[in-house]
Each structure stands twice: as C-alpha cells, then as structure tokens.
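What follows is calculated from the coordinates using simple rules that are stated; it is not laboratory data. All values reported here derive from a predicted model rather than from experimental measurement. Glycine gets a Cβ as well: all are built from the backbone with ideal geometry, and neighbour counts include every protein chain shown.
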Amino acid sequence: MAEIFEGLPKVEYKGAQSKDALAFKYYDADKIVLGKTMSEQLKFAMAWWHNLSATGTDMFGPGTADKRFGAVAAGTMDHAHAKVEAGFEFMDKLGLEYFAFHDVDLVPEAEDISETNKRLDEIVDHIAEKQASSGKKLLWGTANMFSNPRYMNGAGSSNSAEVFCFAAAQVKKVLDITVKLGGKGYTFWGGREGYETLLNTNVGFEQENIAALMRMAVEYGRSIGFNGDFYIEPKPKEPMKHQYDFDAATAAGFLKKFGLDKDFRLNIEANHATLAGHTFQHDLRVAAVEGLFGSVDANQGDLLLGWDTDEFPFNVYETTFAMYEILKAGGFTNGGLNFDSKTRRPSYTYEDMFKSFILGMDSFALGLIKAAAIIEDGRIDAFVKDRYASYETTEYGRKIRNGSATLTELAAVAEGLGTPALPGSGRQEELQSIVNQVLFG
Ligand code: XLS
Ligand code: CA
Ligand code: CA
C-alpha cells in the first residue's frame with residue numbers, strides 16, 4: 001500500500017527548544033516519570049471517528065477536509081479499507097499505541113444489520129492483520145446507538161422494544177469484535193439515553209431498561225472471554241436536552257443502584273465534565289473517590305460556547321490537574337487517554353492532523369511532568385493532610401472517623417470547648433502560587 005501521509009515524517013521528540021512544528025517538544029515516549037515511561041503513563045489513543053471519518057461538517061456547511069485517503073468515493077468499503085491503512089500509518093508516525101472506534105466508524109452501515117455485520121467482519125480482519133504487524137492495540141470499542149434515525153428516542157431507553165433489539169444486536173457484535181481485536185474496554189456513551197420532555201417520558205422505566213441492556217452486555221461479554229472494563233461515559237446533554245448519565249456522580253449512583261459497579265468504570269471526557277458545570281478535574285476526582293476511575297476522553301471545550309467542541313487539549317493547567325488526579329488514582333490499568341478531539345474546521349490538511357496530535361500529546365506530556373512535580377514537591381499533599389489533622393490528634397476526631405461517636409458525646413465536647421476556634425485558613429492563594437511556581441519555575 002502506498003504511503004498516504006506522504007512527506008509527513010515520523011514525529012520525534014526534539015525537546016522544548018525545538019522550533020520544528022512536526023516534532024514533540026515534551027512527549028518523550030521512553031522517558032521515565034514516576035517509575036513508568038511516558039507512553040505507559042499516558043497510553044494515548046486515536047479516535048477513529050474524529051481522526052479518520054470526520055471532515056469538518058457542521059450544521060452550517062459541509063466538510064472541508066478530504067479524508068478519502070486515496071479511495072475513489074467516501075462511504076464505500078474501499079474507503080473503509082483506506083481508513084484502516086491511513087489509521088495505522090498515522091498511529092505509526094505519531095507513536096500512538098492505541099485506537100478506539102464505533103462500529104459505524106469502521107464501515108458504512110447497510111440497510112440490513114446482517115449485511116453491516118458482514119462488512120464489519122471484512123474490515124476487522126484487515127485491522128487484525130495490521131495489529132499483528134504493528135503491535136497497535138484497541139483501547140475500547142463501542143456501538144454507535146445515536147446516529148441512525150431508529151435511535152431518535154434512545155437505544156436502551158427507547159420506547160420501542162424493537163429498537164432495543166437492534167441496540168442489543170449492535171452491542172453483541174461490537175463485543176465480539178472487541179474480543180477478537182484484544183480490546184480491554186467497551187464504552188457506553190448514552191448519547192440519546194435521556195429525554196426531550198418529561199411529558200412523554202417514563203424515566204424510571206427507561207433507566208431500568210438501560211441497566212438491563214448493560215447487564216446483558218456484561219453477561220455476554222464475560223461469556224465470550226471479555227476480561228476488560230465496561231465504561232459509562234457521562235455527558236449531561238447534547239444531543240438530548242437531558243442525558244441520564246449526567247456526570248460522574250450521577251453515573252456512579254446509577255451503577256451502584258443497579259449492581260453494575262463491579263464490571264463498570266467511568267470514562268471521563270473533559271468537555272463533558274465542563275458541559276455539566278464541573279471542571280474536568282472534578283469529574284476525575286469523583287470517579288476516583290467512587291472507586292470507578294477507568295479511562296479518559298482527552299479534549300477540551302470552550303467555556304464561551306455552550307456545546308461539545310471537542311478541541312485538542314491545549315490548556316496546561318487543565319492537563320496538569322487531570323494528570324494529578326489520574327496519578328493519584330493509581331494511573332491507568334485498562335484505560336488510557338483517548339483523543340476524542342477534532343481539528344478545527346479551517347484546519348483541513350493532513351499536516352493539521354499531525355499538528356493537532358502533537359499539540360494534544362505535548363499538552364498531556366507537560367501535564368504529566370508538572371503533575372509529577374507537584375506530587376514530588378509535596379507541599380500541597382502535606383497541606384491537605386494537615387488540614388484534617390484534628391481527626392487524628394483528638395479522641396473525638398478519631399471516634400468520628402471510626403464511626404463510634406454519638407451526638408450526645410460530641411455535644412458534651414462542644415460545650416467543653418467554649419468559643420469554637422476557626423477551622424484554619426484554606427490557604428488557596430498560597431497553593432495556587434505553588435502550582436504556578438511548579439509550572440513556570
Ligand atoms: C460524544 C461522545 C462520543 C463517545 C463515544 O459526545 O464523546 O464520541 O465518546 O460514543
Ligand atoms: Ca467521548
Ligand atoms: Ca465530546
């Protein structure tokens with residue numbers, strides 16, 4: 001197969017002083033940070049949909065990028081094969097070890113699901129061959145249960161049992177593919193699992209059905225040897241007015257309510273967290289506190305725009321705080337950093353695809369370096385520990401922690417304390433100064 005990204009090099013690490021636009025300034029794959037190589041800490045993945053399928057189409061106009069990759073026409077099986085070639089050449093040139101996809105990113109969907117599945121088998125054989133020769137790995141697979149008009153009212157949450165069966169069929173097929181390609185994750189992003197109006201919606205019924213679909217996925221997946229993690233990817237809205245997996249806290253409650261928390265974890269996307277009115281760091285922290293931290297969709301939103309812009313990560317404060325949370329959560333096991341990010345519509349060239357990933361990978365590499373430096377510096381951790389010290393240094397504090405305190409006893413302590421002392425300064429500004437000092441030296 002001829003080279004597709006002709007003239008574009010294998011991207012190398014050249015260091016922070018380099019002016020080479022096609023080189024990494026911070027991402028040095030084999031450099032050790034906190035005991036692991038950068039590539040092991042970061043586990044970067046390419047999203048098939050944005051990188052190989054999306055052309056920049058928006059509500060106001062058609063695409064600007066030509067992503068036929070040498071195929072005569074888009075939306076054909078020839079094109080599907082060309083995307084496989086392009087994807088593996090791209091991953092090789094950027095040094096990406098993982099990829100992620102929806103079923104319909106791989107092949108054009110046919111009228112009949114059996115025909116779609118045949119097409120999938122053909123393309124999956126091609127992907128398996130490329131994996132064997134390159135060592136690239138599948139981070140996670142997912143079924144697109146939001147684009148086809150039959151999913152207008154959701155998939156697991158659809159009012160139609162017939163539609164539910166199609167959703168089941170797609171999940172089953174993608175689990176088969178994921179196992180075949182050695183994937184360690186399967187993601188449920190409930191794009192249309194929500195509602196437009198409560199006037200026509202039985203919320204409790206719909207949530208039970210989503211849980212039923214997930215339970216069947218776990219049963220089937222485990223029966224065919226899928227030993228990775230299932231993920232819920234929270235998002236509060238868009239396309240629906242309200243989505244059930246609103247944020248990490250809501251998804252955690254749902255998983256625990258339905259007993260799915262042993263098999264599921266969360267895939268946290270930066271732009272979805274901010275759409276929910278949280279920071280990216282907040283949703284990562286909640287996932288970790290719930291014991292459900294799993295994987296990350298790396299991108300960033302634009303706080304001046306109220307929608308999911310899926311920009312390549314650029315904000316180093318955000319990537320630093322994200323990596324701080326990820327490191328504190330113990331790092332990735334089955335998960336990784338999937339660039340669910342797209343180049344801006346006017347950035348339509350192959351070169352822009354490369355530069356977008358260089359930006360994203362360098363932003364996260366910097367985030368990793370700086371988060372490790374914050375942890376090694378130790379001042380922030382020491383302050384947080386000290387802030388709660390009274391729960392260790394007093395008997396009543398220890399009893400509150402171990403669950404043996406009573407209101408009567410604590411009320412007596414309060415009476416004995418006289419005028420209560422203030423709880424100590426939060427020292428936010430000092431801590432922020434430490435972060436700036438670590439970031440900018
Ligand atoms: C859309 C989501 C989607 C999921 C996978 O907003 O980010 O791309 O990651 O279905
Ligand atoms: Ca996503
Ligand atoms: Ca998104």
- Task: Return the whole-Å distance between the Cα centroid of segment 71-118 and the Cα centroid of segment 193-256.
- Result: 27 Å
- Here the gain from full extension of Ser134 to Ala405, 0.36 nm per residue of separation minus their alpha-carbon distance, amounts to 91.6 nm
- Query: If you average the sequence gap of Cα pairs under 8 Å that are 6 or more apart and divide by the length of the chain, what percent do you get for the contact order?
  - Reply: 15 percent
- Once exposed loop chymotrypsin sites (Phe, Trp or Tyr not before Pro) are cut out (DSSP; at most 16 other Cβ, 10 Å), longest piece of the chain: 61-257
- Item | Potential lengthening between Met77 and Arg222 on full extension [0.36 nm per residue; Cα-Cα distance subtracted] | 49.1 nm
- Message: Please list log₁₀ I(q)/I(0) at q = 0.08, 0.09, 0.12 Å⁻¹ for the chain, using the Debye equation with identical point scatterers on the alpha-carbon positions.
- Response: -0.50, -0.62, -1.05
- Cα-based Rg / Dmax (Å) for segment 135-249: 14.1, 51
- Note on the structure: Counting every C-alpha pair in segment 309-427, the percent lying more than 22 Å apart is 58 percent
- Query: Most exposed first by the Cβ proxy, i.e. fewest other Cβ within 10 Å, how do Ser134, Ser295, Ser39 rank?
  - Reply: Ser134, Ser39, Ser295
- Using only Cα atoms, what Kirkwood radius does segment 90-168 have, in angstroms? 14.2 Å
- Message: Give me Lys370, Lys328 sorted ascending by neighbouring Cβ count inside 10 Å, so fewest comes first.
- Response: Lys328, Lys370
- Task: Compare Val316, Val171, Val384 in a GNM of the chain, Cα atoms joined below 10 Å, and give the one with the largest fluctuation.
- Result: Val384
- Farthest positive-ward along segment 87-203 dipole, Cα basis, beta-carbon charges - from Val104, Thr178, Thr197: Thr178
- Given Lys83/Lys137; Lys118/Lys237; Lys36/Lys184, which pairs have Cα atoms separated by over 23 Å? Lys118/Lys237
- How far is the Cα center of segment 158-174 from the Cα center of segment 343-403, in Å? 39 Å
- Query: Taking R0 as 35 Å, what's the FRET efficiency between Ser433 and Leu304 from their Cβ-Cβ distance, rounded to 0.05?
  - Reply: 0.80
- Message: Can you tell me the length gained on complete extension of the stretch Asp20 to Glu162, counting 0.36 nm per residue apart and subtracting the Cα distance?
- Response: 45.7 nm
- Among the GluC sites (Glu not before Pro) within segment 106-138, which fall in a DSSP loop and have no more than 13 other Cβ atoms within 10 Å of their own Cβ? Glu111
- Computed FRET efficiency, Cβ-Cβ of Ala414 and Glu40, R0 51 Å: what is it to the nearest 0.05? 0.50
- Item | Compactness relative to 2.2 N^0.38 Å, alpha carbon Rg of segment 231-306 | 1.02
- Would you please state the base-10 log of I(q)/I(0) at q = 0.13, 0.19, 0.22 1/Å for segment 221-348, with intensities from the Debye formula using one equal scatterer on every alpha carbon? -0.52, -1.04, -1.32
- Please arrange Met323, Met214 by counting, for each residue, the other beta carbons lying within 10 Å of its beta carbon, fewest first. Met214, Met323
- Note on the structure: Out of Thr349, Thr393, Thr250, a Gaussian network model of the chain with alpha-carbon springs under 10 Å gives the largest mean-square fluctuation to Thr393
- Once phi is turned into θ = phi - 60°, what whole-Hz ³J(HN,Hα) does the Karplus curve with 6.51, -1.76 and 1.60 give for every residue of segment 139-144, x standing for Gly and Pro? 6, 7, x, 7, 9, 7
- Item | Projected-area average for segment 303-371 over all orientations - Cα convex hull basis, square nanometres | 5.5 nm²
- Message: Quick check: net charge around Ala110, other residues with Cβ under 14 Å of its Cβ, Lys/Arg +1 and Asp/Glu -1?
- Response: -3
